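The values are calculated or read from the model by the stated rules, or taken from the named source; none is laboratory data. Worth saying up front: this structure is predicted, and the values here are computed from it rather than measured. Methodologically, a virtual Cβ is constructed for each residue, glycine included, from the backbone with ideal geometry; neighbour enumeration extends over all protein chains shown.
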Amino acid sequence: MFQAVLLAALAHAVIEAWLAGRALAWLRAHAEGRTLIQEAARVRLLAARGLGQSGLAVLAALGGGAFLVKLCGPWGALPAALLIRALFDQPFAAWGRRLGGAWNARNVLAEQARRLGRELPPALPLAVVAGHGWAAAWVALATLLLWREIAPPSGRHLAPAPAGLHAPVPVWVSDEGSRSGQLNARAEGIGPWRRIVLNDTLVQALSPGEAAAVLAHEAGHLAHRHREWFLAWRLLLAALLLALAWGAGEDMTSTLALLVLAAPVLALPVRPLESRLIRRWEEQADRHAAARAGAEPFARALERLYGTNAQAPEPEKLWAAFHHPHPPPRQRLARLRGEACP
């Protein structure tokens, strides 16, 4: 298992660097101005994060998991691995905020501290439970994923949606847009905990009809149960990975710590399939928005979103297969307007 993770980490680093090179060359040939600057910066951020994940996996495979068991004991190794993963992500999250143009070191640190304070309290005790066996490890992960779906919506400040923005589920407006510089919206939760969260900047930038179309798109995700399908997909992947680790017949605790630290690297082979699934769900939600609020208002909303976020109309295909779960903007707009995509 440890040798397999080491080889996977080295392959991950090579593939991420190669994909980033292709993406940057594509952008230099097909984008310009602010779009070129922003998209190239995003590519470099994702590539740097991928290389960092490879390095973390290499360290884990070369004895990092066993070292955590010796240092923290059999019950403390998995919480320590989760904490390391969480801290590892912080510089890249700060980098992403800087790219959004809403950089403030104090605010970013406070935001990340709030996020960790929300995610780690349930995760660390569950990591202790996971050390009781392979089945317990899967149950603990399932419980954590379920918790993320039923936990209160994230955001520093949440306010009810303005009058006129109605949906079958609660709708909240978050100040995340002001803090990230991005326009965005998302559907969250499963079952009775479903909700839609809109960034404040999105609500401010769009006309009422355009905002209603975005809301209809997010409602489409919930109507088609995409969150439930995604949860089932992740639980299936976890079960397969744990079954492979169990079959290796090595020390369980150190192997689980290794899997926690190397999970993004081990997920590389299925990322194109996962992106393909999500793109299909996005197309379903687009059709739902077009039917409920009109194709043209939704297309105009997407154009504003892409323009504000400085997204390239067409990303490099292989890079998109691994890093862009949404359909390409040009293709998406053409489909909404019934045009042939060039």
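In segment 64-75, the residue that is farthest from W95 (Cα to Cα) out of those that are among the small types (G, A, S) and in contact (Cβ under 8 Å) with a residue 40 or more places away in the chain is A66.
Just to be sure I understand the filter: pairs with C-beta atoms under 6 Å, separated by 6 or more residues or on different chains, first member in segment 321-336 and among the charged types (D, E, K, R), second member surrounded by fewer than 20 Cβ atoms within 10 Å (Cβ to Cβ). Which pairs pass? If the second residue must be surrounded by fewer than 20 Cβ atoms within 10 Å (Cβ to Cβ), the pairs left are R330/P313; R330/E314. Among the residues making up segment 247-277, a single one is surrounded by fewer than 16 Cβ atoms within 10 Å (Cβ to Cβ) and β-branched (V, I, T): V270. Filtered by the rule that a residue be of a type in the set (A, V, I, L, M), in contact (Cβ under 8 Å) with a residue 12 or more places away in the chain and out of contact with any Phe, Trp or Tyr (no Cβ under 7 Å at 6 or more places or on another chain), segment 5-22 gives V5, L6, A8, A9, L10, A11, A13, I15, A17, A20.
Being of a type outside the set (K, R), part of a helix (DSSP H, G or I), closer than 12 Å to V265 by Cα and out of contact with any Phe, Trp or Tyr (no Cβ under 9 Å at 6 or more places or on another chain) is the requirement here; does G76 meet it? It is false that G76 is of a type outside the set (K, R), part of a helix (DSSP H, G or I), closer than 12 Å to V265 by Cα and out of contact with any Phe, Trp or Tyr (no Cβ under 9 Å at 6 or more places or on another chain). Exactly one residue out of A40, A29, A25 is part of a helix (DSSP H, G or I), out of contact with any Phe, Trp or Tyr (no Cβ under 9 Å at 6 or more places or on another chain), at pLDDT 95 or above and surrounded by fewer than 19 Cβ atoms within 10 Å (Cβ to Cβ), and it is A25.
Looking for whichever is touching a helix residue (DSSP H, G or I) at 6+ places or on another chain (Cβ under 7 Å) and modelled with pLDDT of 95 or more here; the options are A8, A17. Which one fits? Only one candidate qualifies: A17. The set of residues from segment 122-150 being in contact (Cβ under 8 Å) with a residue 40 or more places away in the chain, assigned to a helix (DSSP H, G or I), in contact with a Leu (Cβ under 8 Å, 6 or more places away or on another chain) and of a type outside the set (D, E) comprises A123, L124, A127, V128, A130, W134, A137, W138, L141, A142, L145, L146. The numbered conditions (1) touching an Asp or Glu at 6+ places or on another chain (Cβ under 9 Å); (2) modelled with pLDDT of 80 or more; (3) surrounded by fewer than 16 Cβ atoms within 10 Å (Cβ to Cβ) are all true for V139 except (1).
Within segment 177-198, can you find the residues that are over 25 Å from L277 (Cα atoms), out of contact with any Lys or Arg (no Cβ under 8 Å at 6 or more places or on another chain) and crowded, with 22+ Cβ neighbours inside 10 Å? Result: G177, single match.
Inside segment 246-300, residues that are more than 30 Å from L206 (Cβ to Cβ) and part of a helix (DSSP H, G or I) make up a count of 24.
Scanning segment 147-170 for residues that are surrounded by 15 or more Cβ atoms within 10 Å (Cβ to Cβ) and either farther than 22 Å from F298 by Cα or under 21 Å from the mean Cα position of the chain (by Cα) (or both) turns up R148, E149, P153, S154, G155, L158.
Inspection of segment 105-114 finds a residue satisfying the criterion of being surrounded by 15 or more Cβ atoms within 10 Å (Cβ to Cβ) and among the acidic types (D, E). Of the residues making up segment 307-334, those that are in a helix (DSSP H, G or I), modelled with pLDDT of 90 or more and under 25 Å from the mean Cα position of the chain (by Cα) number 12. One residue stands out in segment 201-230 among those that are farther than 12 Å from G189 by Cα and not in a helix (DSSP H, G or I): the one that is nearest to the chain's Cα centre (by Cα), namely H224.
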